[in-house]
Structures are given as C-alpha cells and as structure tokens.
Amino acid sequence: MSIQQEQQEWYAFNQETIDALREDGSQMDATYTVEHHIASADFDRLEKAAVDVFKAGFEVTDAEELVLDDGGTIFCFDAIVERALTRDVLDKDTDTLVTISDKHQVHYDGWGTYYIGDDAAPQELDD
C-alpha cells in the first residue's frame, strides 16, 4: 500500500472516530489528549522515529516491550498531543506521523482519546 493510500484510510478513521464521539455526546469544543500509537519489532528504528516525532512537536512516551500472542516481541510508544477534535488538525497530525513512520519503516497504529462529557467516568492518570 502506498503512503497516500494509507493516509486516505487514516483520514476515514479520523472522521469515523470524530463522528462516533459526537454521536455519543462528547464535547466537541473541548481540547482532547490524543494518543497516537507507533510500533516496531526493531527497537533501533522505533527509537529513531521517536526522535523525529518529538522534533515534530509531540510528547513521546518511553518505549514499551510487548509480547504478542504468537510469542513475537514488538516495541511501541505513544505520541501525545493536546488537540481539538477537528478533521483538518487530525489529518495533519496523521500525515506527519505516517510520513515519519514510513521514513523509519515502523508502523503507525492510529490514535485514541477519551470521551469528554458531563457523564464521563473519572479518568485515572498514571503516576
């Protein structure tokens, strides 16, 4: 799949996620903590990608090692940023992270955030 095709798929994901949050009643004018996920079986590649992600203005978490169901190992980190949930902003971030991931041959695995609303469950933050 070309980088342009991958970006188009993520753009659709961005819109679907925004729509789902809106339909669930999340506050669309709030600022959200958006956590983008990047992974690789090669720690050195992941580390180089993390440097570029940091330079692009994202907070980068420490890499974690995960054991897969098949016994394989991957490493991953989150690229965190505070954003309004607007399509143009999320598409721009997606472009940046997909491009960095392609450059370093690591896997961009999408993003997530938390529902924000009067009926939201309290979030527990890691220390």
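For the stretch 68-98, a residue qualifies if it is surrounded by 11 or more Cβ atoms within 10 Å (Cβ to Cβ), in a helix (DSSP H, G or I) and of a type outside the set (S, T, N, Q), and the qualifying residues are 87, 89, 90, 91, 92, 93, 95, 97, 98. Among all positions in the stretch 60-67, there is at least one residue which is of a type in the set (D, E, K, R), over 23 Å from residue 116 (Cβ atoms), touching a Ser or Thr at 6+ places or on another chain (Cβ under 7 Å) and not in a helix (DSSP H, G or I). Only one of the listed residues (56, 50) is in contact (Cβ under 8 Å) with a residue 40 or more places away in the chain, within 17 Å of the chain's Cα centre (by Cα) and within 14 Å of residue 100 (Cβ to Cβ). That residue is 56.
Residues in the stretch 1-32 that are touching a strand residue (DSSP E or B) at 6+ places or on another chain (Cβ under 7 Å) and surrounded by fewer than 16 Cβ atoms within 10 Å (Cβ to Cβ): 13, 31. All of (1) loosely packed, with under 13 Cβ neighbours inside 10 Å; (2) more than 17 Å from the chain's Cα centre (by Cα); (3) at pLDDT 95 or above hold for residue 64 with one exception: (2).
The single condition from (1) outside any strand (DSSP E or B); (2) farther than 25 Å from residue 15 by Cβ that residue 53 fails is (2). When each of 33, 17 is tested for being assigned to a helix (DSSP H, G or I) and of a type outside the set (A, V, I, L, M), the lone residue that passes is 17.
The values are calculated or read from the model by the stated rules, or taken from the named source; none is laboratory data. Just so we're clear, the structure is a prediction, and the values are computed from it rather than from any experiment. Virtual Cβ from ideal backbone geometry, glycine too; neighbours counted across all protein chains shown.
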